[in-house]
Amino acid sequence: MKNWIVIGATSAIAESVCRLWSTRGYNLFLVGRNADKLESVKQDYTVRGADTVFTHVLDIAQLDKHQACWEQAKAAMGRIDGIFIAHGTLPDQKRCEADFNHALTEININATSVLSFCTIAANEFETAGSGHIAVISSVAGDRGRQSNYVYGSAKGMVSLFLQGLRNRLFKRGVMVTTIKPGFVDSPMTADFEKGGPLWATPDQVAAGIVKSIDKNRGVVYLPWFWWGIMQVIKSIPEFIFKRLSL
Ligand SMILES: NC(=O)c1ccc[n+]([C@@H]2O[C@H](COP(=O)([O-])OP(=O)(O)OC[C@H]3O[C@@H](n4cnc5c(N)ncnc54)[C@H](OP(=O)(O)O)[C@@H]3O)[C@@H](O)[C@H]2O)c1
């Protein structure tokens, strides 16, 4: 039985992951800002077999409350085996271009708040000599594009930070998994036209996440073919790339 904290626990992808973990009898400490939704998923996971499910209401933008949240999780579960970070927002790129304060809000939720939780977990797991940090970044963080470079740069920062953490913590027995999904049919992409082979469901991505964590993978593209797509995108020379409308 394992004890995991899930940050952004009401995300569609996190919910799918937690359903799988529930059937294994995990203890879950769910963190999100929507109390009603947390309560409803808590009941679902309990029915599915989760051992104990705790909920903690937090607007994750409030960085000064992160340490207290971690301490409460520790007090509730006794030991923390892993932290899975799944929250995020998809910014309005045009609004970010016009108003840097809005861009900063988006960067804080998609990058700074993630780094804050990672730092708390990293220090604790390093001392313990065990633990797993798994974070949803995005393929969007692999290369800046005009249509979403504020979101992309926030995710890029998360990916690079995790790369450094993995390098720092590997020798201390702590695993760090960077998850890079492509297009996922979730509330975040509600306004997108969907369908076609590039789109995945939260359940498909969740199955890949659970498997990657089980196998202590470092970086994982989900579905797998996004690795190939991003190799091509990253290999386009900048003098060509800047002329494309991506
Ligand atoms: N969907 C995609 O195509 C896609 C692709 C690549 C990566 N990702 C990443 O995958 C992760 C999960 O996204 P998803 O697709 O599952 O979308 P989602 O269902 O919209 O989940 C986003 C979650 O973030 C939470 N959240 C946002 N701001 C918050 C805040 N200040 N405090 C607390 N919670 C906050 C939302 O809470 P509320 O329910 O309360 O709003 C929601 O539960 C995100 O990191 C996203 O960037 C998604």
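Testing ALA200 on (1) more than 24 Å from ASP92 (Cα to Cα); (2) touching a Gly at 6+ places or on another chain (Cβ under 9 Å), one condition comes back false. Which one is that?
Only one criterion in (1) more than 24 Å from ASP92 (Cα to Cα); (2) touching a Gly at 6+ places or on another chain (Cβ under 9 Å) is unmet by ALA200, namely (1).
Report, by residue number, each residue of the stretch 42-73 that is within 15 Å of the ligand (Cβ to nearest atom) and among the polar types (S, T, N, Q).
Across the stretch 42-73, the qualifying residues are THR55, GLN62.
Can you work out which of the residues in the stretch 105-126 that are out of contact with any Lys or Arg (no Cβ under 9 Å at 6 or more places or on another chain) and among the polar types (S, T, N, Q) is nearest to the ligand (Cβ to nearest atom)?
Result: SER113.
Out of (1) farther than 22 Å from LYS234 by Cβ; (2) crowded, with 17+ Cβ neighbours inside 10 Å; (3) acidic (Asp, Glu), what's the single condition that is false for ASP142?
It fails just one condition, (1).
When both residues are 6+ apart or on different chains and their Cβ atoms are under 7 Å apart, which pairs have a first residue that lies in the stretch 31-52 and is over 22 Å from ALA68 (Cα atoms), and a second that is within 9 Å of the ligand (Cβ to nearest atom) and assigned to a helix (DSSP H, G or I)?
VAL41/GLU15
Specify the residue that is surrounded by the most Cβ atoms within 10 Å (Cβ to Cβ); the eligible residues are those in the stretch 13-41 that are away from the ligand (no atom under 14 Å from the Cβ) and among the hydrophobic types (A, V, I, L, M, F, W, C).
Filtering the stretch 13-41 down to residues away from the ligand (no atom under 14 Å from the Cβ) leaves 20-29.
Now drop any that are not among the hydrophobic types (A, V, I, L, M, F, W, C), which leaves 20-21, 28-29.
Numbers: LEU20: 16, TRP21: 24, LEU28: 27, PHE29: 25.
Selected residue: LEU28.
When you check ASP81 against the structure, is it more than 12 Å from the ligand (Cβ to nearest atom) and touching a residue at least 24 places away in the same chain (Cβ under 8 Å), yes or no?
Details: more than 12 Å from the ligand (Cβ to nearest atom): yes; touching a residue at least 24 places away in the same chain (Cβ under 8 Å): yes.
Taking the combined requirement at face value, the residue satisfies it.
Given the stretch 1-106, what helices (runs of 4 or more DSSP H) lie entirely inside it while holding 3 or more residues that are of a type in the set (Ser, Thr, Tyr), at pLDDT 95 or above and more than 25 Å from LYS180 (Cβ to Cβ)?
Values: elements: 12-23, 35-48, 66-77, 93-98.
So the answer is 35-48.
Residue-wise test of (1) more than 21 Å from SER245 (Cα to Cα); (2) near the ligand (Cβ under 8 Å from one of its atoms).
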| position | (1), (2) |
| --- | --- |
| GLY141 | no, no |
| ARG145 | no, no |
| ASN148 | no, no |
| LYS180 | yes, yes |
| ASP185 | yes, yes |
| THR189 | no, yes |
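Just to be sure I understand the filter: pairs with C-beta atoms under 8 Å, separated by 6 or more residues or on different chains, first member in the stretch 7-21 and under 17 Å from ASP51 (Cα atoms) and hydrophobic (A, V, I, L, M, F, W, C), second member in a loop (DSSP other than H, G, I, E, B) and near the ligand (Cβ under 6 Å from one of its atoms). Which pairs pass?
ALA9/ALA86; VAL17/ALA86
Name the pairs whose Cβ atoms lie under 7 Å apart, with the first residue in the stretch 140-162 and basic (Lys, Arg), the second part of a loop (DSSP other than H, G, I, E, B), and 6 or more positions between them or separate chains?
Short answer, once both residue conditions are applied: ARG145/LEU246; LYS155/SER137; LYS155/SER138.
The values are calculated or read from the model by the stated rules, or taken from the named source; none is laboratory data. Computed from a predicted structure; not experimentally measured. Here the Cβ is made from the backbone with ideal geometry for all residues, glycine too, and neighbour counts use every protein chain on show.
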